[in-house]
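Asker: The structure is given below, and queries will be raised subsequently.
The values are calculated or read from the model by the stated rules, or taken from the named source; none is laboratory data. Note that the structure is predicted; figures quoted are calculated from it, not measured. No Cβ is skipped: glycine too gets one built from the backbone with ideal geometry, and neighbour counts run over all protein chains shown.
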């Protein structure tokens, strides 16, 4: 499933292409939204909240999309061939110069911008929130430590704790922090929590800076030969919180 960095980068690219521009084409091909036509409206902004994306329009509404497993937004120039089949398109937003196509967007909703909280109000703080503050950090830490005996590898994936972290990113964060994903959240000491917090911010920002979401150096190394880049031990594989997880038996003991 696309992680928060993927959605953040998609929002950044769509914002650069569409914000401030009038739509000459605004088709919604989702079964629930086929009656709506957004042509003539102006895109005010495109923003991400965790794994959710909002395209905000000048009529006070937002088009919400969630990528789930296989959804994505592509950008084209007018007349360019699409990289995915037309029957997978669920939204087509075009200006005079760019065409944004949302493919396989199973979750698509048109709602008042003022009501976006209805879809994301339950989420924990977003690690990529441009207005991130000490208050956000404190709330995220409070939610994490409140998970008690839950395995930390599972806690990092809970969007109600922190928004945007997915399975691959959690592997990287815990490897960097030298924490076994099977440990209980309540067992982590202050130094471990400090490392974990530092590495969460580092990993997600690193992915965004690289501009290629979802693949970070350790994950790429693990995929290539299955060994820990730090000590060379064979990475172990198991299930934590119902997800496949990798860890180093030496470094994360």
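Asker: For the stretch 173-199, what are the residues that are outside any helix (DSSP H, G or I) and in contact (Cβ under 8 Å) with a residue 24 or more places away in the chain?
Answerer: 178, 179, 180, 181, 182, 183, 184, 188
Asker: Further question on the same structure: Say we look at the stretch 153-165 and pick out the residues that are buried (at least 20 other Cβ atoms within 10 Å of the Cβ) and out of contact with any strand residue (DSSP E or B) (no Cβ under 7 Å at 6 or more places or on another chain); which of these is modelled with the lowest pLDDT?
Answerer: 165
Asker: Which of the residues belonging to the stretch 45-73 are touching a helix residue (DSSP H, G or I) at 6+ places or on another chain (Cβ under 8 Å), surrounded by fewer than 20 Cβ atoms within 10 Å (Cβ to Cβ) and in a loop (DSSP other than H, G, I, E, B)?
Answerer: 60
Quick grid of which residues meet (1) in a strand (DSSP E or B); (2) within 18 Å of the chain's Cα centre (by Cα); (3) in contact (Cβ under 8 Å) with a residue 60 or more places away in the chain:
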| residue | (1), (2), (3) |
| --- | --- |
| 75 | yes, no, yes |
| 79 | no, no, no |
| 82 | no, no, no |
| 87 | no, no, no |
| 92 | yes, no, yes |
| 101 | yes, no, no |
| 105 | no, yes, yes |
| 119 | no, yes, yes |
